[in-house]
Structure formats: C-alpha cells, structure tokens
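The values are calculated or read from the model by the stated rules, or taken from the named source; none is laboratory data. Fair warning: this is a prediction, and the values are worked out from it, not measured in the lab. Glycine also receives a Cβ, built like all others from the backbone with ideal geometry; neighbour counts cover every protein chain displayed. For accessibility, only protein heavy atoms count, side chains too; no ligands or nucleic acids. Shrake-Rupley method; radii C 1.70, N 1.55, O 1.52, S 1.80 Å.
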Amino acid sequence: MLNMRYLSILVELELDSEKSKNLKGLDAFVLDYAIKWPLSLIINKKTLFKYQILFRHLFLMKHVERQLLTVWLCTKSGEMCLGRSYPYYSLACALRQRMLNFVQNFLNYMTFEVIESSWNTFETNLKEVANIDNVIEHHAKFLDTCLRDCIITNDSFLLIQKILSECIMFSVFVQGVTKNIKDKEETSQLEWKSMTLKESQERRKKILQEISDDLNKMVSDEAFATSIKSYDDKFSKLLLDLLAKIINDMSNGLGETKIGNVLYRLDFNDHYRNQIEKMRLSQSMIHQ
C-alpha cells in the first residue's frame, strides 16, 4: 500500500491552492493520461496515480543528476588551475562526486534492479493468466513492488527527498559562485575559432590566468568555506540517517526485499556502516 503520510502530503498540496502557488514547475510537473475503455479496467485512477508517483520520483532524480553534472562542468577549470592547494575547493569537488555517486547509484538501482526486474516478472506472469482479474492482480502487484523497493512507500522516502533537496541547493550555490568563470571560458572558446594557433594559445593562457585569479578570490572568501562545510555536514548526516534506517529496516523483516541492495551499492566498502556503528557506540556511552 502507498505510504499514507506521503499520500496525505500529495493530496494536501493538490487541495491547498496557497501551497500550490508556491510549487516550482519541477515539483508540480506530472504526466497524465486519458484512459479509455477497456484499458480503464486495468489502469484506473488509483493505478495511474501510482505511475505518476513513480515517474515523478525518477524525473526528480534525473534532474538532480543533471544539476550535479553541470556543477562538474563549472568546476573542471578550477581543478586544473587550483589543484589541491585549497582544501575547501577540493572538499566541494569531493562533495559533488559523493552526491553524484548517491544519485547515480540510486537511479541504477531503481531502473535496473527494481523496475526492469519487476517488469520481467510481470511479463512472465501474464503468460499464465486465465482472466482479466488475474491481469489486474499481477499489474497491481508489479506497481506495489516497484513503489516498495524504490523506497517510495517507506519512511525513508522523506530522507531521500531531503538528500535530493540538499544536492539541488549545493548545485545552485556552486553554479552561482562559478557563473562568471564559466561565462569567461565559453566566451573565450568562441573567440579562439577566429584566431591563429599562436594567438589562441596566448589567449587561452591569459584566460586561464584570469580564471585562476577569480578562483583564488572566491575560495579565499570565508563565506565560501563556511557554505561548503555546511553542505558537506548536512549531506553526510542525511546519508548516514538513510543508511541507518535501511539497516534497521533489514533487521526488522524487510531483508527479503531488494532494499538491502541500496546499502551494498552506496556502502560497498563498509565506510558508512563503520561510521554508523561509531555513532551508536558513542550515543550508548552518553546514555550510560
């Protein structure tokens, strides 16, 4: 069944016109489909709503992935000019990669391990159906399995939404502070096309020096260091909370689902698991 808390949030947003006005296009975007008879026997409003929730979540994940890839484009010049000489710039690049690793691994898990796998099972079951009721039953099972294993009907879904929100805020911040640098690089690339090889090399050297100066000024700003440290702390805490919740769910009877595969993808070397154990140990010592 759908997570009632998440369902109530969606319904509330649909009914509350004031909250709906504050929604961004990305939050409000959803695909609809006019279902005609006899297909409406299988895909009713409730079934369509489940599809909308699933694909809305996939759409958001892809959007966050594109934003983080844009951050990579914004920071690649800085990595070449600054290298590892500025710890907080290096931290920003490392945080971008950690966020991208989370989003891409989660996307691959949802699409390949959950949706595609469940669809193959659904197709196999359809070969053995005897009537329309069997089709409806297998179709409902397919959707419920996808929603469950994609952690949409689980309390962890809210943690995932917070992580994605943090990724977007980080992306907007980095793209904002590096906008002038990116504009300079793109403008210079257009200029090089009309120059000779020697002129373009000299121009590129000059642009790289200007970019290096701009980056030095940016990363030397205390506000930049404070912001990056804040994003890193928030993302790390949310990710640890999510993984701890998944571990707890596995120990409470959800081990037969695919949810544990998320843990293996995101924490293949037990790095986060060790941190979670240390946190629990320190908390237990405080309470003693």
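At a glance:
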read-out: Packing-based order for 32-43, 56-67, using average beta carbon neighbours within 10 Å, highest first; value: 56-67, 32-43
read-out: Estimated inter-spin distance, Asp32 and Lys46, nm [label 7 Å along Cα→Cβ]; value: 2.1
read-out: The range 139-179 - accessible surface per residue (Å², probe 1.4 Å); value: 34
read-out: Length gained when the stretch Leu126-Lys206 is fully extended (0.36 nm per residue, less Cα-Cα span); value: 22.3 nm
read-out: Percent accessible area from carbon and sulfur atoms, the range 97-147, protein chains only, probe 1.4 Å; value: 51
